[in-house]
Amino acid sequence: MSQSAFGQQDAARVNQSKVAGPTPMPNSIDVHGLNMSYKDTQVLNDVTLQIPNGAVVGLVGANGAGKTTLMRCLLGLSLPQSGDIRLLGDTPGEFSDSTRERLGYVAQTPELIEWMRLGQYLDYIGAFYPRWQARRVAQLVGAWDLKPKQKIAQMSLGQKQKVALLQALGHAPDLLLLDEPVASLDPLMRRDFMRTLFDDAPGRTVLISSHLLSDLERIITHLVLMKDGRILLADEWDVLAESLQRVQMAHRLPDEPGVLAQHLHADGVTAVIDTRSFDMALLPQGVRPVSMNLDALFVELVS
């Protein structure tokens, strides 16, 4: 499957819209031929990806797959050896002030000014953003059980993660990049955050990396699956959920188009097929494909 599959699909829709309507806005994220290595390790390998406006994209992969490095490159925090990146039509490292105001980011580890009290810190951050929503931020501080007078250094990791989320959401960004944003939060808080994420700005573009796949599956419109610095899958989640199916057999399938993975077990073979390109006549008689949730798909393709 092409690394930029859903980008190509949206490009087709763009071409159709040129006949019937106004010219659409560019993709929120455009990446072409991105490569990055640390010493002798290739961390990103020819990554090409297009994320359309308004998409909610789950970025998944095992630890070390390249997810965090990709996000850091998108924001200009890490410099790739080659490739081209555009966020909201602008280039990392040369972002205009107007582009910066439209971006929100939450890192895996909250990066906060620890000696400040929460209220001080939020006022300080808000001063940098013309669109800072002080009233909404104050509402969330209360709803999320945070204390404005508490020093950030005295907060738990979960509380600090809430502060990082407030910082990212407070200026109503058009594009949010979230790297494991809710890993330290309990299920109820994760639910509240997801609700806030979409209630506050319908139509916002979100790229979210998380190992909490059941949470992701409920909210994403698109999926990007990475392995060893490459993109294995990139498509609309509804399309993948319908097209990628698991089959269990006594013997391996031939290495034909549409066979994405095969695993040998004590009682036979489990394979993942893409029904859009796989010749179903190759399945043994009586074998029927079954659909998978995101957890099962991750296990089959990443392990």
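No value in this document is a laboratory result; all are computed from the given coordinates. Since this is a predicted model, take the numbers as computed values, not measurements. Please note: Cβ atoms are built from the backbone with ideal geometry, for glycine as well, and neighbour counts cover all protein chains shown.
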Problem set entry | Considering residues of segment 218-272 that are of a type in the set (Asp, Glu), touching a residue at least 40 places away in the same chain (Cβ under 8 Å) and surrounded by fewer than 17 Cβ atoms within 10 Å (Cβ to Cβ) only, the residue nearest to Arg191 (Cα to Cα) | Glu242
For this session: Among the residues of segment 94-114, write down those that are in contact with a strand residue (DSSP E or B) (Cβ under 7 Å, 6 or more places away or on another chain) and free of Cβ contacts under 8 Å to residues at least 40 places away in the same chain.
Result: Ser96, Thr99
For this session: Kindly provide the set of residues from segment 41-73 that are among the hydroxyl-bearing types (Ser, Thr, Tyr) and touching a residue at least 12 places away in the same chain (Cβ under 8 Å), ordered by number.
Result: Thr48, Thr68, Thr69
Problem set entry | Single residue of segment 142-155 satisfying the filter (in contact (Cβ under 8 Å) with a residue 12 or more places away in the chain and small (Gly, Ala, Ser)) that is surrounded by the most Cβ atoms within 10 Å (Cβ to Cβ) | Ala153
Seminar exercise, completed: In the set Gln161, Gln120, Gln167, Gln139, the lone residue that is within 23 Å of Asp186 (Cβ to Cβ), free of Cβ contacts under 8 Å to residues at least 12 places away in the same chain and outside any loop (DSSP other than H, G, I, E, B) is Gln139
For this session: Consider only pairs whose beta carbons are under 8 Å apart and that are at least six residues apart or on different chains; among these, list those whose first residue lies in segment 273-297 and is within 14 Å of Trp237 (Cβ to Cβ) and whose second residue is loosely packed, with under 13 Cβ neighbours inside 10 Å and among the acidic types (Asp, Glu).
Result: Ser291/Glu242
For this session: Kindly indicate whether Pro130 is assigned to a loop (DSSP other than H, G, I, E, B) and under 20 Å from the mean Cα position of the chain (by Cα).
Result: no
For this session: Evaluate segment 119-133: report whether one residue or more is touching a strand residue (DSSP E or B) at 6+ places or on another chain (Cβ under 6 Å) and within 19 Å of Leu197 (Cα to Cα).
Result: no
